[in-house]
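The values are calculated or read from the model by the stated rules, or taken from the named source; none is laboratory data. Owing to the predicted nature of the structure, the values given are computational and were not obtained by experimental measurement. We place every Cβ from the backbone using ideal geometry, glycine too, and count neighbours over all the protein chains shown.
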Amino acid sequence: MKRNISRILIMALCLVVCAVIFTFISCDDFLPQKLSDKPPQTELKPPILAGETGGGSGSGETSDDGVSPITGNEGTWYQIFVWSYYDEVGKNGTGSRDGMGDLKGITKNLNHLGCKLNDPDHLAKINAREDCNKSMHVRGIWLTPIMPAPSYHRYDTTDYMTIEPEIGTMADFDALVAECHSRGINIILDLAINHTGPGHKWFQSALAEWRSGNLGKYAAYYNIKAADSRPNGGSGNWHSSYAGANPGNAGKTPDGKQLWFEGGFGPWMPELNWNNGALMKEFEEIMRFWLIDKKVDGFRLDATKHIFENGSFGSGDTNKNVDYWKWFADTARSIKPTVFMVGETIDGEGTILEYHRPGMSSFAFPFSEREGRIAQATLHGRGKFFADGVVWWDREIKSRSIYATTTPLLTNHDHDRSSQWFTADDHRKFAASLLLLMPGQPFIYYGDEIGLKGWKQSNGNAGHDDKWVRGPMIFWWFNHADNNNNPALGRPMGPPNENGHRWTVSTSAGSGWGGTVANPSKHGYPIWEERGGVGEQLKNDDSLLRHYIKIQNMKNRYPWIAWGKIDTAGIDVDGNGQVGAYRVTDNRPTIDGKPNPNFNRSVVIAHNADRRTDREGYIKINNQSISSGNSIGRPDLGEKPLTKKVVGFEATLAKTENEFNFKEPVRASSSLGEGVFWLKAYTTAIFVEDYVTVTE
Ligand SMILES: [Ca+2]
Ligand SMILES: [Ca+2]
């Protein structure tokens, strides 16, 4: 302080600059994956350089500052298959439990997902592992379809503006939304709008009009033709009779011609005719109803590429569909500017990317399942391949729309459960670190956080089908009486058995869901005899659930991971591609009109996917002075030039949240602005690059 400059005021916004390394217990019980193992599929494409794909200007959306409009509430999402989540009451939200999950069951268990925002000690409690630290702190829930529909999966909607009575009432839904919002949790609904169920009044009205010969409003809601033989050259996509809860023949016109309707997914899903303006108006009202009246925060959009086909089923007319979804996204956004939309496009990488152009997200399937990039890193040591993919994907989608965000997932209701093919807990934990620390808004499929297992019928898993991957969430496995002492977790949830838990769901005719599971072991559930459900895993610091919570807590300290700008400048790593790293920088000066205290802060996220060997990495920040006058840093504090640097690293081998308090840097580099990091085998680190403010 003797120096004769007026003053050096070092004001670290967060002197607890930190790198947190968390590690996992080595498991010598299993054979390590050989790094040379050939991935079990054809090589995924390398990242495409900017410009190669003609990224273009998206579909015309711009914003003043060129960055995504955000609310500050972005983050990790959680997908719930309502019927299997938690059974609290009977039909219509009343009476005693009936073996089916319901909306009240979700509301009751929200502590698992997030705690009250208005709790002033929120963060302190997290650090102290009290109350709220039982929560995963997700920022949103995706409910699979909750509207009336005859099938077990509910993607054959018969009424877009009511709630299926099996899971409760509209009042139950309102209560769930309110409770979610009080915890900072968004809710999006699953909309299946390529088709309806045959029981929808629109479809029945359409057929009635065709039969009467008086074609009115509804006749053109579906693709219906009158013909002596099956249309389109006998295409299997056209049906003369419909299936479902109340099957029937489509009937004939007054002059005796058979009626046929298009249904690419089968005779239980007649396809809507999206060339129809009246139908579009209909859906504007449906969107308004949910977004405004019911306060939902957005939609998950089913079967996006099937709206318009290019001839055969599944061919997907991308150009027409992108235009269609642009209409949808623009309409939704005009109703609610903050609406979040994510589509399901099951197709190649290039096609999925194109479905971001409408101004919505689209699930990042190239990162999912056992062949995706997360599994490639987890099972085959391909950390760099993963990180390169992260950077590539994020850049590609942002070049297509400012409203698009990376929306990765490990699995969903259509996939084999990840714990089935991640055979060890360290696999599961490492994969969770990869997923949750991806930029954008990752999705957790309910139960993945406790390692629920289950095969789907595909992949040669004879005797299995969808229900095996939509099994009961397990809140408690052992000692159901424990529940009495843990009211926050609600009543016990047992494993599936012959006595009525969950699997006695015999909903509606033709569902195929009914009956009990005669042999639970086939389902893979016995794993829980060792690990337990939510309740048991919360008590175990080394559990998979505790790992999810741990990462979520860390991630939520750096919320810009969900929206920031991504790059790899100055990052270098050793090894043969086992280490992958990328930087995410908060590029929002303001959030919701308020100065963003994290503006221009960044983190480097690094993963060592080598399961056996510690690896080095190197980060160099160019001590780059950021010129003043561009409102960086803390405009609310009137801060002047900021110098960005890595102040230090902490190399705590953190196993519990208590160790995340970033006490002191233990690995500060010798010169400011650069540093070497060292990652133990199969660990992940977050390095926080912070600011030191220097004023004269
Ligand atoms: Ca129930
Ligand atoms: Ca269609």
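Key figures
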{"quantity": "Enumerated helices (runs of 4 or more DSSP H) restricted to segment 330-411, each holding at least 2 residues that are under 28 Å from VAL604 (Cβ atoms) and either outside the structural domain of TYR445 (by TED's automatic domain parsing) or polar (S, T, N, Q) (or both)", "calculated": "373-380"}
{"quantity": "Test: residue in segment 545-561 that is under 18 Å from GLY383 (Cβ atoms) and of a type in the set (D, E, K, R)", "calculated": "no"}
{"quantity": "Residue tally, condition without any contact (Cβ under 8 Å) to a residue 40 or more places away in the chain and within 19 Å of ASN273 (Cβ to Cβ), over segment 242-256", "calculated": "0"}
{"quantity": "Candidates ALA278, ALA227, ALA220 - the one that is under 30 Å from VAL296 (Cα atoms), surrounded by fewer than 16 Cβ atoms within 10 Å (Cβ to Cβ) and not assigned by TED's automatic domain parsing to the domain that holds ASP159", "calculated": "ALA278"}
{"quantity": "Residue satisfying condition, being touching a residue at least 40 places away in the same chain (Cβ under 8 Å) and touching a Cys at 6+ places or on another chain (Cβ under 9 Å), within set ILE163, ILE187", "calculated": "ILE187"}
{"quantity": "Subset of segment 66-95 (residues that are modelled with pLDDT under 85, out of contact with any strand residue (DSSP E or B) (no Cβ under 9 Å at 6 or more places or on another chain) and either farther than 30 Å from LEU435 by Cβ or not assigned by TED's automatic domain parsing to the domain that holds GLN441 (or both))", "calculated": "GLY66, SER68, PRO69"}
{"quantity": "GLY463 being out of contact with any Asp or Glu (no Cβ under 7 Å at 6 or more places or on another chain) and modelled with pLDDT under 60", "calculated": "yes"}
{"quantity": "Any chance GLY343 is buried (at least 24 other Cβ atoms within 10 Å of the Cβ) and either out of contact with any strand residue (DSSP E or B) (no Cβ under 8 Å at 6 or more places or on another chain) or small (Gly, Ala, Ser) (or both)", "calculated": "yes"}
